[in-house]
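Please read the structure below before turning to the comments.
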Amino acid sequence: QLVKIVDDLINFLRLDKVQVRSNKNRFNHSKCYIFNESAAVGSSNLTGAGLAGNVELNAILYQPSAQKELKEWYEKRWNEAEDAKEELIKTIEESKFGL
């Protein structure tokens with residue numbers, strides 16, 4: 001079961017439409033989730049603990065001006081980063097989960 005999940009993840013990451021980027025010069029611990037008509041910023045990771053177990057603080061932004069600023073913030077960081085797709089795939093394949 002786990003092997004299939006990991007294989008599915010790697011196959012997903014290999015799709016042309018999927019991009020993975022990382023900024024090697026600067027650690028970014030921020031979380032932002034941008035949706036069609038809202039955005040969320042805060043401390044939650046998309047994990048079981050981050051969504052249900054930990055004490056987290058998040059804000060949902062509905063104002064178009066706030067969403068615009070968050071998108072600009074995100075795009076700046078995205079553009080500063082470099083492609084890291086193959087590195088992530090290699091890390092997963094070499095981990096205990098890639099067996």
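For this structure, a couple of remarks:
- Where a residue in the stretch 79-91 is without any contact (Cβ under 8 Å) to a residue 12 or more places away in the chain and its partner, wherever it lies, is part of a loop (DSSP other than H, G, I, E, B), with Cβ under 9 Å and at least six apart: Glu86/Val20
- Tallying residues that are of a type in the set (Gly, Ala, Ser), assigned to a helix (DSSP H, G or I) and over 14 Å from the mean Cα position of the chain (by Cα) within the stretch 1-58 yields 4.
- Checking Val41 against (1) open to solvent by 60 Å² or more (accessible area, probe 1.4 Å); (2) modelled with pLDDT under 95, the condition it does not meet: (1)
- Lone unmet requirement of (1) within 22 Å of Phe97 (Cα to Cα); (2) touching a helix residue (DSSP H, G or I) at 6+ places or on another chain (Cβ under 8 Å) for Leu46: (2)
- Among (1) surrounded by 12 or more Cβ atoms within 10 Å (Cβ to Cβ); (2) at pLDDT below 85, the one test that Val3 misses: (1)
- Qualifying residue in the stretch 74-85 (condition: open to solvent by 80 Å² or more (accessible area, probe 1.4 Å) and modelled with pLDDT under 90): no
The values are calculated or read from the model by the stated rules, or taken from the named source; none is laboratory data. Values in this document were obtained by computation on a predicted structure and should not be read as measured data. Reconstructed Cβ throughout: ideal geometry from the backbone, glycine too, with neighbour counts over all protein chains shown. Side chains are part of the model used for accessible areas, which takes the heavy atoms of the whole protein and leaves out ligands, DNA and RNA. Shrake-Rupley method; radii C 1.70, N 1.55, O 1.52, S 1.80 Å.
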